[in-house]
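Contents: one structure, followed by commentary.
What follows is calculated from the coordinates using simple rules that are stated; it is not laboratory data. Note that the coordinates shown come from a computational prediction; the quantities given were computed from them, not determined experimentally. FYI the Cβ positions are ideal-geometry reconstructions off the backbone, even for glycines, and counts take in every protein chain you see.
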Amino acid sequence: MSFSAANWLSVAWDGLLALNHFAEASADGGVGGDFLSWCKSAEPSAFPFPAAKVAMRESDTVAKNGKLRGERMLPVPKTVDPSGRVFMQAHLKIGGGNTVAPRLHFFEDGPRSGKVYVGYLGPHLRNTLT
């Protein structure tokens, strides 16, 4: 395994742990904002994840482009959305600086269900630069 892959695995694991802790805190009513706000908070209970690696939305260009948005329409239980899919624009920047630039796309449903759904983990999805 290359150094980059090992680092990506470590960052992805840390991100999943942080998302899990965030979901638990949301379910308990202990969160007043989104995942990025939680990452920026100084709460001692907050599991650390670098806020600089969190993006809560895609660019307007990606959000308004049918093909690019479609790649981010990812599966969730039908109890979350009757279509079984939601636009997962929130993502963690697992790696960068090359053509792979892995991302982990997620959907927060914490206040309602106490869950965060991960819809995608892999190479950067297409955008206006690819």
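Descriptive notes on the structure:
- Residue in the range 89-111 that is farther than 23 Å from LEU9 by Cα and surrounded by fewer than 19 Cβ atoms within 10 Å (Cβ to Cβ) present: yes
- Within the range 106-130, residues that are within 13 Å of GLN89 (Cβ to Cβ) reach partners that are acidic (Asp, Glu) and part of a loop (DSSP other than H, G, I, E, B) with beta carbons closer than 8 Å, at six or more positions or on different chains, in the pairs GLU108/ASP34; ASN127/GLU58.
- Test: residue in the range 58-72 that is within 16 Å of LEU16 (Cβ to Cβ) and out of contact with any Asp or Glu (no Cβ under 8 Å at 6 or more places or on another chain): no
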